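Quick one: this structure, given as structure tokens, is what I'll be asking you about.
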Amino acid sequence: MTDGQQAANITFDNVVAEAVIGKPGEGYALMTPVIDAARLAVCANALGAMEALNAQTVDYCKTREQFGVKIGSFQALQHRMVDMLGACENVKSLLYRAVCAAQDHSEDARRSLLALKVMVGRAGKLIGGEAIQLHGGMGMTNELSVGFFVKRLMIINTLFGDADYHQQLFAQLVNAPAAAALSSGSEAA
């Protein structure tokens with residue numbers, strides 16, 4: 001894959017099912033908890049990549065000189081680094097919430113997970129883009145690990161559906177009670 005991870009396309013031909021778990025058509029429901037756990041895991045991996053990008057970018061800005069001064073002293077660049085840190089901290093907070101909700105089997109677990117996947121996609125794009133720009137474009141070369149982390153964030157965004165897909169699922173989940181209430185209200189009238 002783009003980030004160097006392994007992937008495969010598997011095709012089954014002339015397969016006979018000898019031992020079926022569950023009933024035909026119930027496979028997705030059985031896999032959903034596994035997929036949700038994998039979503040949490042890749043979001044945690046994304047947080048690690050974001051933290052690495054933040055640390056590397058701040059270190060670079062503390063040492064790189066332009067116009068005879070460290071570029072980290074420029075207020076405009078400081079604001080961009082603060083935005084990166086803020087995005088990273090928001091992901092961390094929501095990751096903690098999603099993990100706790102999953103462990104407690106909370107009613108909020110699915111909503112927290114979907115929101116987390118949306119936030120990881122959005123924050124990953126922001127942090128990755130800023131890291132590349134603040135490294136003067138060198139971030140996309142293979143000489144720096146910045147490029148690897150940005151590619152990893154790009155792949156994580158697409159795993160199990162991207163941020164837009166998860167935002168749609170989140171909206172459906174949040175709006176379902178209201179739609180049900182409207183539906184039952186119109187039937188009563």
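The values are calculated or read from the model by the stated rules, or taken from the named source; none is laboratory data. Keep in mind the model is a prediction, meaning the values are calculated, not measured. Glycine gets a Cβ as well: all are built from the backbone with ideal geometry, and neighbour counts include every protein chain shown.
Out of (1) surrounded by 15 or more Cβ atoms within 10 Å (Cβ to Cβ); (2) under 17 Å from the mean Cα position of the chain (by Cα); (3) without any contact (Cβ under 8 Å) to a residue 60 or more places away in the chain; (4) within 23 Å of A131 (Cβ to Cβ), the odd one out for R97 is which?
The single condition R97 does not satisfy is (4).
Only one residue in N90, N157 is crowded, with 18+ Cβ neighbours inside 10 Å and within 20 Å of the chain's Cα centre (by Cα). Which one?
Numbers: N90 fails: crowded, with 18+ Cβ neighbours inside 10 Å.
Result: N157 is the single residue among N90, N157 that is crowded, with 18+ Cβ neighbours inside 10 Å and within 20 Å of the chain's Cα centre (by Cα).
In the list F74, F67, which residue meets the criterion of being at positive phi and at pLDDT below 95?
Working: F74 fails: at positive phi.
Answer to the selection: F67.
Counting just the residues of the range 23-59 that are of a type outside the set (A, V, I, L, M, F, W, C) and loosely packed, with under 10 Cβ neighbours inside 10 Å, which one comes out modelled with the lowest pLDDT? Before you say what the answer is, go through the steps one by one.
Filtering the range 23-59 down to residues of a type outside the set (A, V, I, L, M, F, W, C) leaves 23-28, 32-33, 36, 39, 45, 48, 51, 54, 56-57, 59.
The next check asks that each one be loosely packed, with under 10 Cβ neighbours inside 10 Å; those that pass are 23-25, 28.
Values: K23: 82, P24: 78, G25: 82, Y28: 85.
Within the range 23-59, the match that is modelled with the lowest pLDDT is P24.
For the list (1) touching a residue at least 24 places away in the same chain (Cβ under 8 Å); (2) of a type outside the set (A, V, I, L, M, F, W, C); (3) assigned to a helix (DSSP H, G or I), I need the number of the one condition that Q5 fails.
Condition (3) is where Q5 drops out.
Quick one: what pairs do we get from the range 38-55, first residue within 15 Å of Y96 (Cα to Cα), second of a type in the set (G, A, S) and buried (at least 16 other Cβ atoms within 10 Å of the Cβ), C-beta under 7 Å, 6+ apart or different chains?
L40/A98; L40/A102; A46/G124
For V15, only one of the following conditions fails: (1) free of Cβ contacts under 8 Å to residues at least 12 places away in the same chain; (2) surrounded by 11 or more Cβ atoms within 10 Å (Cβ to Cβ). What is its number?
Of the numbered conditions (1) free of Cβ contacts under 8 Å to residues at least 12 places away in the same chain; (2) surrounded by 11 or more Cβ atoms within 10 Å (Cβ to Cβ), the odd one out for V15 is (2).
Test R64 against the stated conditions and say whether it is surrounded by 13 or more Cβ atoms within 10 Å (Cβ to Cβ), within 17 Å of I132 (Cα to Cα), touching a Lys or Arg at 6+ places or on another chain (Cβ under 8 Å) and charged (D, E, K, R). Before the answer, list the steps.
On the way: surrounded by 13 or more Cβ atoms within 10 Å (Cβ to Cβ): yes; within 17 Å of I132 (Cα to Cα): yes; touching a Lys or Arg at 6+ places or on another chain (Cβ under 8 Å): yes; charged (D, E, K, R): yes.
Yes; evaluated as a whole, the condition is true for this residue.
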